[in-house]
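Where a number appears in this text, it was derived from the coordinates with a stated rule and is not lab data. From a predicted model like this one, the values you see are computed outputs, not experimental measurements. With ideal geometry, Cβ positions are generated from the backbone for all residues, glycine too; neighbour counts draw on all protein chains shown.
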Amino acid sequence: MSDLMSLMIPQGFRFAAATAGLKASGRPDFAVIVADETASAAALYTANRVCAAPLVVDREHMAATGGRVRVVAINAGNANCATGQVGIDAAKRVCQAAAERFGCRAEEVFPCSTGIIGVPLDAEKLVRALGTIEVRLGVEDFHAAAQAILTTDTVEKTAFVRVMIDGAEVRIAGLCKGSGMIHPQLVPPALPHATMLAYVMTDAAVEPAALQAMLNAAAERSFNRISVDGDTSTNDTVLVLASGASGVTVTAANMEFQAALEQVMVSLARQIVADGEGVSHVVELQIEGAATEADAVRVAKAIAHSPLVKTAWAGSDPNWGRLMAAIGYSGAAVEPERVEIDFGQLAICRHGGRAAEMDVAAAHAYLKQAEFTVTVRLGVGTARCTFWTTDLTAEYVRINADYST
């Protein structure tokens with residue numbers, strides 16, 4: 001790791017990765033994050049009512065400690081979901097072993113899993129790998145940890161921000177994985193989502209309640225604003241840890257920290273979309289003029305989840321009528337004659353009908369770009385949202401047609 005990179009990673013954390021033997025490929029599949037001292041923590045979990053065993057354990061542990069975490073143990077290659085009590089026992093076995101290895105309470109261990117659903121997790125493989133993890137722990141293994149949690153991802157996903165607060169530097173860094181089965185619907189831990197897992201670390205000192213409030217707000221503008229395929233995973237988790245090692249105290253009212261946290265999370269969210277399974281186009285949806293922000297999100301999701309819209313994007317086909325149909329069934333307050341649609345700066349729809357100046361050839365050429373923007377103006381209010389999504393390609397079908405075989 002370069003000296004510059006080491007200056008980006010928050011103080012008070014160490015990382016390691018190992019090959020436990022869960023991935024058929026033989027690649028590293030076990031990552032661990034260890035805080036030098038017990039860190040403040042905040043988490044959001046999937047809204048999927050079928051949730052993985054580690055999420056059940058995580059909620060129990062966060063409640064037992066009042067939002068304190070010392071060790072994060074993440075395995076790839078097995079989701080440990082739909083595995084019944086055996087899955088709960090496996091997650092707890094890893095927690096107990098990690099606690100003994102790193103000198104903390106089992107409740108201070110936060111387990112996570114990603115991979116195939118419905119296959120029992122061999123916890124002993126992870127337990128045996130903890131020795132290797134302990135030897136390798138260090139700041140320099142940050143990227144190794146980011147790589148070990150990947151499944152169908154093609155690249156690691158990381159983000160870094162440094163911000164000055166009260167004259168002192170605070171660092172925020174994040175790593176995540178996600179490529180398919182991406183439509184996070186993250187909710188606070190008081191409620192019962194391949195998977196999205198995200199871990200954000202900071203060396204600011206933040207109390208758990210304040211950290212949770214800031215995470216909730218940032219997630220609504222980042223992870224809850226992306227979709228690859230419309231499938232909400234059983235394992236989706238976002239965890240934020242604050243070590244306090246910088247000596248800088250941050251409260252929920254600190255807008256500089258809130259903005260920096262959101263910057264990291266938006267970067268990670270966009271990287272997930274860009275690495276979506278089989279993706280050939282990344283699309284930024286700008287929904288404007290909605291009656292409420294919730295309506296703006298409804299329209300964005302209707303468009304983002306439409307197979308007809310997504311396949312048109314795959315072929316760079318400016319079939320804007322499919323957008324209109326999705327807007328209409330979104331459930332949002334819509335007056336069709338007010339709707340306007342632009343592809344970038346190109347006028348496509350005006351007053352609910354084809355724009356007189358629409359240039360089909362220019363629109364087709366614009367949609368051939370790897371990334372493009374679609375703006376929808378509903379004209380019934382002032383609320384808006386930004387949402388990131390993808391096209392739907394034959395490659396996505398190929399990847400998922402034989403995922404488990």
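Points worth noting:
- Taking a ≥ b ≥ c as the square roots of the eigenvalues of the Cα gyration tensor, segment 289-405 is oblate, since a/c reaches 1.5 or more and a/b is not larger than b/c.
- Pairwise centroid distance, computed over Cα atoms, of segment 332-393 with segment 242-311, Å: 19 Å
- Surrounding net charge for His351, when Lys and Arg each add one and Asp and Glu each subtract one, Cβ distance under 14 Å: -1
- When the trypsin sites (Lys or Arg not before Pro) in segment 1-74 are filtered for DSSP coil states and for at most 13 other beta-carbon atoms within 10 Å of their beta-carbon, the remaining sites are Arg49.
- Dipole of the chain, positive direction: furthest Cα of Ile74, Val264, Pro208, with charges on the beta-carbon: Ile74
- Relative contact order (%) - segment 309-354, alpha-carbon pairs under 8 angstrom, separation at least six: 25 percent
- Hits among lysines - C-alpha to C-alpha of Lys92 under 26 Å, sequence gap 8 or more where chains match: Lys23, Lys125, Lys177
- Packing around the peptides 161-172, 208-219, taken as the average count of other Cβ atoms within 10 Å per residue, puts them in this order, highest first: 208-219, 161-172.
- Cα-Cα pairs of the chain separated by more than 42 Å (percent): 15 percent
- Taking other Cβ atoms within 10 Å as a rough exposure proxy, Val200, Val397, Val248, Val380 sort from fewest to most as Val397, Val380, Val248, Val200.
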